[in-house]
1. Taking every pair of alpha-carbon atoms in the chain, give the share separated by more than 24 Å as a whole percent.
2. In whole Hz, what ³J(HN,Hα) sequence does region 77-93 give by Karplus (6.51, -1.76, 1.60; θ = phi - 60°), x for Gly and Pro?
3. Under a Cβ-Cβ cut-off of 11 Å, what is the net charge of the residues other than VAL63 that fall near it, where Lys and Arg count +1 and Asp and Glu count -1?
4. If you count only protein heavy atoms with a 1.4 Å probe, what accessible area per residue comes out for the chain, rounded to a whole Å²?
5. Using a 1.4 Å probe on the protein chains only, how many percent of the accessible area of the chain belongs to carbon and sulfur?
6. Only Lys, Arg, Asp and Glu count, each charged at its Cβ (+1, +1, -1, -1), so figure out the dipole size of the chain about its Cα centre, rounded to 20 debye.
Amino acid sequence: QVQLVESGGGLVQAGGSLRLSCAASGSIFSINVMGWYRQVPGKQRELVARIFSSGNTNYADSVKGRFTISRDNAKNTVYLQMNSLKPEDTAVYYCNAMSGRLYWGQGTQVTVSS
């Protein structure tokens, strides 16, 4: 079992920055990829960024150059640094981890005002 707890969401003006954190606990040794997804009402949850145990990363085209995913292995935490935020980045952001199966956090709201 893996438990994920997100934090760092909030309200920010367009052009601003936020940093999301996802703290993992439990069977973390078996996690091979962690990622951030986002969802707005009425739409499918979409990948924002993910980071593999190798250190490789993937980003959605819409966030490339603005968002950065990173991890602190000592703290078992993955971060999503979000810069140059746009109103269209408004969503609930979810952390997930793959460890035999997918685990999800509870989500954190990010609202970007224009």
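1. Numbers: 1191 of 6441 pairs.
Taking all Cα-Cα pairs of the chain, the fraction more than 24 Å apart is 18 percent.
2. 10, 10, 10, 10, 8, 10, 10, 6, 5, 10, x, 6, 7, 4, 4, 8, 9
3. Every neighbour counted, the sum reads 0.
4. On a per-residue basis, the chain sits at 53 Å².
5. The computed percentage sits at 48.
6. Numbers: 11 positive and 6 negative charges, 18 e Å.
Roughly 80 debye, rounded to the nearest 20.
The values are calculated or read from the model by the stated rules, or taken from the named source; none is laboratory data. Predicted model only: the values in this text are computed from it and were never measured. Neighbour counts run over all protein chains shown; Cβ positions are idealised from the backbone, glycine included. Heavy atoms of the whole protein, side chains included, go into the accessibility calculation; ligands, DNA and RNA do not. Shrake-Rupley method; radii C 1.70, N 1.55, O 1.52, S 1.80 Å.
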